[in-house]
Amino acid sequence: MAHNFWKSKSLAFGVALISFATGAVVASRLSHIQQASAAGNRIFELRVYHAVPGKLPVMESRFRDKTSKILARHNLNVVGYWVADEAPDNSFVFLFSHESREEAKKNWEAFRFDPEFQEVIKAEQAEKTLEKADIIWLRPTDFSPMK
């Protein structure tokens, strides 16, 4: 009985050791991939749209149903959309990831002239939702987890 006990303990230890080693190899390869991509010109664009009071739901709906699809078509890669969790803040926040500032400029230019986006502009003119926009360009630091 004691022999089976030690045999099962050593088997469990062996499995744990192999699992740990496999995990270390995978983590090492993934960290190498992140380091390789950090050397690029990737840049982020933070946009904070301040909605006209009471119009935040209209702005959200417009982005959900139309604008986000047009952005994607023009390689304007949205990392995420957020709204403030506490009222009365009317902020609609979204973050883009761009390969470079030049690529962003090219993609925004194409986006502006998209006929479907021209329809979104007409809708905005008819039912004004945007009071003010803040646009901030962000460069990741060398120690940033997201590069």
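Over 27 Å between Cα atoms: which of Lys69/Lys128; Lys55/Lys147; Lys55/Lys106; Lys55/Lys105 fall into that group? Kindly include the intermediate steps, with their values, before the conclusion.
Details: Lys69/Lys128 21 Å; Lys55/Lys147 34 Å; Lys55/Lys106 30 Å; Lys55/Lys105 29 Å.
Going by Cα-Cα distance, Lys55/Lys147; Lys55/Lys106; Lys55/Lys105 fall outside the 27 Å limit.
Checking a compactness column here: for segment 43-138, what do you get for Rg(Cα) / (2.2 N^0.38 Å), N being the number of residues?
Numbers: Rg = 13.2 Å, N = 96, 2.2 N^0.38 = 12.5 Å.
After normalising by residue count via 2.2 N^0.38 Å, the value is 1.06.
How about segment 71-122: which chymotrypsin sites (Phe, Trp or Tyr not before Pro) there are in a DSSP loop, with at most 15 other Cβ atoms within 10 Å of their Cβ?
On the way: sites: Tyr81, Trp82, Phe92, Phe94, Phe96, Trp108, Phe111, Phe113, Phe117; in loops: Phe113.
Taking segment 71-122 and a limit of 15 other Cβ atoms within 10 Å, the loop chymotrypsin sites (Phe, Trp or Tyr not before Pro) found are Phe113.
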Residue-wise HN-Hα coupling along segment 66-82, computed from phi with Karplus coefficients 6.51, -1.76, 1.60 (Hz; x: Gly, Pro):
10, 4, 4, 5, 5, 4, 4, 4, 9, 6, 9, 7, 7, 6, x, 10, 9
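Please sort by residue number the GluC sites (Glu not before Pro) in segment 83-133 whose DSSP state is loop and whose Cβ has at most 15 other Cβ atoms within 10 Å.
Numbers: sites: Glu86, Glu99, Glu102, Glu103, Glu109, Glu116, Glu119, Glu124, Glu127, Glu131; in loops: Glu86, Glu99, Glu127.
Here the GluC sites (Glu not before Pro) that fit, given the DSSP loop and packing criteria, are Glu86, Glu99, Glu127.
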So how much slack lies between Trp108 and Gln125, counting 0.36 nm per residue of separation and subtracting their Cα-Cα distance, in nm?
4.1 nm
Segment 112-127 - phi-based ³J(HN,Hα) in whole Hz, Karplus 6.51/-1.76/1.60, Gly and Pro as x
4, 9, 5, x, 5, 5, 4, 5, 5, 4, 4, 5, 5, 5, 6, 10
Whole-Hz Karplus ³J(HN,Hα) for segment 133-146, in order, using 6.51 cos²θ - 1.76 cosθ + 1.60 and θ = phi - 60°, x for Gly and Pro?
10, 10, 10, 10, 8, 10, 10, x, 6, 5, 10, 6, x, 9
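As an exercise, identify the trypsin sites (Lys or Arg not before Pro) in segment 89-136 lying in DSSP coil whose Cβ has no more than 15 other Cβ atoms within 10 Å. Can you show the working numbers first?
Working: sites: Arg101, Lys105, Lys106, Arg112, Lys122, Lys128, Lys132; in loops: Lys128.
Hits after loop and neighbour filter: Lys128.
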Using modelled backbone amide H atoms (1.01 Å from N, in-plane), which distant-in-sequence or interchain residues come within less than 5 Å of Leu130's amide H?
Val52
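Each reported figure results from applying straightforward, stated rules to the coordinates on display, with no laboratory input. Everything numeric here is computed off the predicted structure, so don't read it as measured data. In this analysis, Cβ positions are derived from the backbone assuming ideal geometry, glycine residues included, and neighbour counts consider all displayed protein chains.
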